[in-house]
Amino acid sequence: MTVTDALVEADYDAVADLYDRAFQDIRVRRPEWRWVREHLRQASRDTPQPRVLDIGCGNGALLSALSSQIGSGVGVDVSARFIAIAQQRLAAHSHVTVRHIVGSCLPFADNSFDVVISFLSFRYLEWEPVVREIRRVTAPEGRLLVVDMAAKRASITDLPRLAASTLQHALRPFRDRAFHDHVARLTAHPAWHTMLERHPIRDVDEYQACFERHFPGQRMEILNTTLSKCVFAIDSGHLEQTLRQGRSDG
Ligand SMILES: C[S@@+](CC[C@H](N)C(=O)[O-])C[C@H]1O[C@@H](n2cnc3c(N)ncnc32)[C@H](O)[C@@H]1O
């Protein structure tokens, strides 16, 4: 385990229970959840009952919500406390398991998965080695779905989304007081701040450059935005196809 992995694990272990209270149902992240569900549906047209890997699975809430849509699921995470929470949550789903990992190696055979998901965890990963590993463990017709938060100044075209996101945020305490209070407790925890300092939100251009290098031609969608940050999503498309396209373009 590198020093960075150990620090992330310690930070996330410290807030895992608070995080779980806030995000026990992943559907509170409405636009992000809808996007993943829809793109998994599209992937299921190519591969019914897909084998899914969730990198940075946290409390297992995403796999739990997706469990009826998938053939099998594996969640991996660097935080042992999160893995314990996810194990409990997923105990009733015999086709979904979780595993503690350290570093960028994914402990699975080649072509083990049809869909790999990184849901609000990509920024913690070491992109080059992990993308190599994702390509190795994913079937040629498989795909990677990434949802993450990035630094991005809102532009004029973001205005409708900015207005919608601001309204949703303002209504949250009235619509779901318990969720609002759990998020407030989580984000007030000192370990949360330490973690943000160690892993500052990356610029959207960094992601764009990484995705263009590995999945050329794929479009990033903005799901949520504030004046300075956004939540985006990207579907790699068939990995084999994007790799071929990258070779022919290059
Ligand atoms: C913001 S949380 C998101 C958790 C979950 N995907 C969700 O949306 O509820 C980020 C997750 O990434 C995990 N993580 C951070 N670095 C990691 C690494 N190198 N390998 C695997 N997981 C990692 C953290 O432990 C944490 O569970």
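The values are calculated or read from the model by the stated rules, or taken from the named source; none is laboratory data. This one's a predicted model, so the numbers in the text were calculated from it and none came from an experiment. Every residue, glycine among them, receives a Cβ derived from its backbone with ideal geometry; neighbour counts consider all protein chains shown. All accessible areas refer to the heavy atoms of the entire protein, side chains included, with ligands and DNA or RNA removed. Shrake-Rupley method; radii C 1.70, N 1.55, O 1.52, S 1.80 Å.
Segment Glu128..Arg30, full-extension length gain: 32.3 nm, with 0.36 nm per residue of separation and the alpha-carbon distance subtracted. Once R0 is set to 30 Å, what does the formula 1/(1 + (r/R0)^6) return for the Cβ-Cβ distance between Arg37 and Thr187, expressed as a FRET efficiency to the nearest 0.05? Efficiency, rounded to the nearest 0.05: 0.70.
Could you tell me whether the chain comes out rounded, prolate or oblate from its Cα gyration tensor? Rule is a ≥ b ≥ c as square roots of the eigenvalues, rounded for a/c under 1.5, then prolate if a/b exceeds b/c, otherwise oblate. Let's see the in-between values first.
Values: a/c = 1.40, a/b = 1.15, b/c = 1.22.
Here the chain falls in the rounded category.
Here the chain is treated with +1 on each Lys and Arg Cβ and -1 on each Asp and Glu Cβ, and its dipole about the Cα centre works out to around 680 debye. Backbone N atoms of segment 185-201 closer than 19 Å to the 7 Å Cα→Cβ label point of Arg153 belong to residues 201. Residue separation of Ser94 and Asp203 scaled by 0.36 nm, minus their Cα-Cα distance, works out to 35.4 nm of gained length.
Is segment 49-116 rounded, prolate or oblate when judged by the Cα gyration tensor, a ≥ b ≥ c being the square roots of its eigenvalues, rounded requiring a/c under 1.5 and prolate requiring a/b larger than b/c? Here segment 49-116 falls in the oblate category.
Shown in residue order for segment 82-95 are the 3J(HN,Hα) couplings computed by the Karplus curve 6.51 cos²θ - 1.76 cosθ + 1.60 at θ = phi - 60°: 4, 4, 5, 5, 5, 4, 5, 4, 9, 4, 7, 9, 5, 8 Hz (x for Gly and Pro).
Using the Cβ atoms and a cut-off under 11 Å, what net charge is assigned to the surroundings of Val137, where Lys and Arg are +1 and Asp and Glu are -1? Mind dumping the intermediate values first?
Working: positive: Arg51, Arg132, Arg135, Arg136; negative: Asp110, Asp114, Glu133.
Residues close to Val137 contribute a combined charge of +1.
Ranked by accessible surface with a 1.4 Å probe, highest first, in what order do Arg29, Arg81 come? Write out the running numbers ahead of the final one.
Details: Arg29 50, Arg81 95 Å².
If we order Arg29, Arg81 from most to least accessible, we get Arg81, Arg29.
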